[in-house]
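K.L.:
Have a look at the structure that comes next, please.
Nothing in this text is a laboratory measurement; each read-out follows from the coordinates by a stated rule. None of the values given here were measured: they were computed from a predicted structure. Neighbour counts run over all protein chains shown; Cβ positions are idealised from the backbone, glycine included.
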Amino acid sequence: MTAADDLDRRLILATQAGLPLVPQPYHTLAEQLGCTAEEVMTRLSAMLARGTIRRIGAVPNHYAIGYTANGMSVWDVPDECIDELGAQVGALAFVTHAYHRPRALPDWPYNLFAMVHGASREEVLAKVDEIRGGLGAACRCHDVLFSTEILKKTGLRIAG
Amino acid sequence: MRETGAAMADAAIAVLDAIDRRIIDALQGDFPICDRPYAAAAEKLGIGEDELLARLQSLLERKVLTRFGPMFQIERMGGAFVLAAMAVPEADWARVNAAVNAFPEVAHNYRRESALRRDLAAPLNMWFVLATETKAGIAEAVAKIEAATGLPVHPFPKLKEYFVEMKLVVRAPGAAA
């Protein structure tokens, strides 16, 4: 591992629980890491540009901001048109994630996953019907799985 | 840290005032990288730097926000983040749940139930995300969980991610916006 990689890694370790809530957070991080604030800002900008950092900001607790129902909708659509359909589903405002994933046959025929958030199960199911309508005949079967219990939620942590 | 079933119920919908809502809606991304980022963000929101810092502190303490900072994409660092599921028999639930959650590679774990299919004998009802620092770590974690539980683990790696808007607008009740 190069020294450059090492600074990125130490920056990740120092910020994965959150940014310091002080007027100059990047200066505070620089002091912790033994580099300059400019270096911290350059590294963060570079990680943002190459996608190592998706975004910097607030991560809301879905439940606390009113999205008390979250449904994982799953769809069996033809592989040859999944990218077009995935983009179409992902563009809907109430879909927060959309992925092409492998099937696990015979019990799991679904290859398109879309997370739907709403204030109630009824609202989520109505939105799922909207997706169903948009997919038309391309949808061979579908299901919605609701989370009924959070069993663990620690988020991503890399070891120090 | 392990959350129990009560977590779902006690994650009560927060009461947020108009400024809290504006902060959450506006700051889900694009936090500035500059000398005084909170001052820059506060100016756009029409509040002071001190107020923004105090509000963020309070939103974190009240668990309205789970974090404030960079969201990392582990895949870009050589690691992997894979959704996986198991069909866990009801009678064995507590044992399997404890065994799965004991693995540090398990980042999130949710119990899920099907809304449309009630006919499956062994539905996939435990869904978790494996996060490992290397791609090879996923297969190792799957093998370890299978050995510890005696049940098959189905990994569902993403083959492709479709673009989505990253913002959820605050729905919580509160003072008129």
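K.L.:
Dipole of chain A, Cα-centred, from +1 at each Lys and Arg C-beta and -1 at each Asp and Glu C-beta, to the nearest 20 debye?
P.N.:
Working: 15 positive and 18 negative charges, 76 e Å.
Approximately 360 debye in magnitude.
K.L.:
Using unit Cβ charges (K, R positive; D, E negative) and no other charged atoms, how large, in debye to the nearest 20, is the dipole of segment B:58-177 about its Cα centre?
P.N.:
Details: 15 positive and 12 negative charges, 84 e Å.
It works out to roughly 400 debye.
K.L.:
What list do you get for A:L105, A:L85, B:L151 if you sort them by fewest beta carbons within 10 Å?
P.N.:
A:L105, B:L151, A:L85
K.L.:
Related question: Among A:A104, A:C141, A:A69, whose Cα sits farthest toward the positive end of the charge dipole of segment A:69-146 (+1 at Cβ of Lys/Arg, -1 at Cβ of Asp/Glu, about the Cα centre)?
P.N.:
Result: A:A69, furthest along the dipole toward the positive end.
K.L.:
Take the alpha-carbon centre of segment A:129-154, take the same for segment B:64-88, and report the distance between them in whole Å.
P.N.:
Their Cα centres are 20 Å away from one another.
K.L.:
Further question on the same structure: How far apart, in nm, are two points set 7 Å out from the Cα along the Cα-to-Cβ line at B:E51 and at B:K63?
P.N.:
Reported label-point gap for B:E51 and B:K63 is 2.9 nm.
K.L.:
Out of all DSSP beta bridges with both ends in chain B, state the antiparallel percent to the nearest 5.
P.N.:
95
K.L.:
Note down the magnitude of the dipole of segment A:69-146 about its Cα centre, charges +1 on Lys and Arg C-beta and -1 on Asp and Glu C-beta and zero elsewhere, to the nearest 20 debye.
P.N.:
140
K.L.:
Ok, one more. Residue farthest toward the positive end of the dipole of chain B, with Cβ of Lys/Arg at +1 and Asp/Glu at -1: which of B:A40, B:T66, B:N101?
P.N.:
B:N101
K.L.:
Using modelled amide H (1.01 Å from N, peptide plane; none on Pro or chain starts), what sits under 5 Å from the amide H of A:L151, excluding residues fewer than 5 places away?
P.N.:
HN-HN under 5 Å from A:L151: B:N109, B:Y110, B:R111.
K.L.:
From zero outward in steps of 10 Å, how is the percent of C-alpha pairs of segment A:3-50 spread across the bins?
P.N.:
Reading upward from the zero bin: 27, 65, 9.
K.L.:
Pop out the Kirkwood hydrodynamic radius of segment B:74-156 from its pairwise C-alpha distances, inverse of mean 1/r, in Å to one decimal.
P.N.:
Final number for the Kirkwood radius of segment B:74-156 is 13.2 Å.
K.L.:
So which of A:K127/B:K160; B:K44/B:K158; A:K127/A:K152; A:K153/B:K158 end up more than 30 Å apart, counting from Cα to Cα? Intermediate results must be reported in sequence, preceding the final value.
P.N.:
Details: A:K127/B:K160 22 Å; B:K44/B:K158 37 Å; A:K127/A:K152 27 Å; A:K153/B:K158 20 Å.
Pairs exceeding the cut-off: B:K44/B:K158.
K.L.:
If each residue of separation counts as 0.36 nm, what is the full-extension length gain between A:L105 and A:A119 once their alpha-carbon separation is subtracted?
P.N.:
1.8 nm is the gain from fully extending A:L105 to A:A119.
K.L.:
Pop a pseudo-label 7 angstrom from the Cα along the beta-carbon direction at both B:K44 and A:C141 and give the gap in nm to one decimal.
P.N.:
Modelled inter-label distance: 4.6 nm.
K.L.:
Given H placed 1.01 Å from N in the peptide plane, which residues other than close sequence neighbours of A:I53 have an amide H under 5 Å from its amide H?
P.N.:
A:L48, B:Q73
K.L.:
Note down the nm distance, to one decimal, between modelled labels 7 Å out along Cα→Cβ at B:A94 and at A:L21.
P.N.:
Reported label-point gap for B:A94 and A:L21 is 3.8 nm.
K.L.:
Using Cα pairs under 8 angstrom and six or more residues apart, how large is the relative contact order of chain A, in percent?
P.N.:
Relative contact order of chain A: 23 percent.
K.L.:
Under the Karplus relation 6.51 cos²θ - 1.76 cosθ + 1.60, θ = phi - 60°, what is the ordered set of whole-Hz ³J(HN,Hα) values for segment A:15-24, x standing for Gly and Pro?
P.N.:
Running phi through 6.51 cos²θ - 1.76 cosθ + 1.60 with θ = phi - 60° gives 10, 5, 8, x, 7, x, 8, 9, x, 10 Hz.
K.L.:
Apply the Karplus parameterisation 6.51 cos²θ - 1.76 cosθ + 1.60, with θ equal to phi minus 60°, to every residue of segment A:106-116 and state each ³J(HN,Hα) to the nearest whole Hz, in sequence, with x for glycine and proline.
P.N.:
x, 7, 10, x, 8, 10, 10, 10, 9, 7, 10
K.L.:
Using only Cα atoms, locate the centre of segment A:85-125 and the centre of segment A:15-68, then give the distance between them in Å, rounded to an integer.
P.N.:
What the calculation gives is 29 Å, centre to centre.
K.L.:
Also: Considering the options A:V116, A:L19, A:S45, tell which one lies farthest towards the positive end of the dipole of chain A, charges being +1 on Lys and Arg and -1 on Asp and Glu at the Cβ, about the Cα centre.
P.N.:
A:L19
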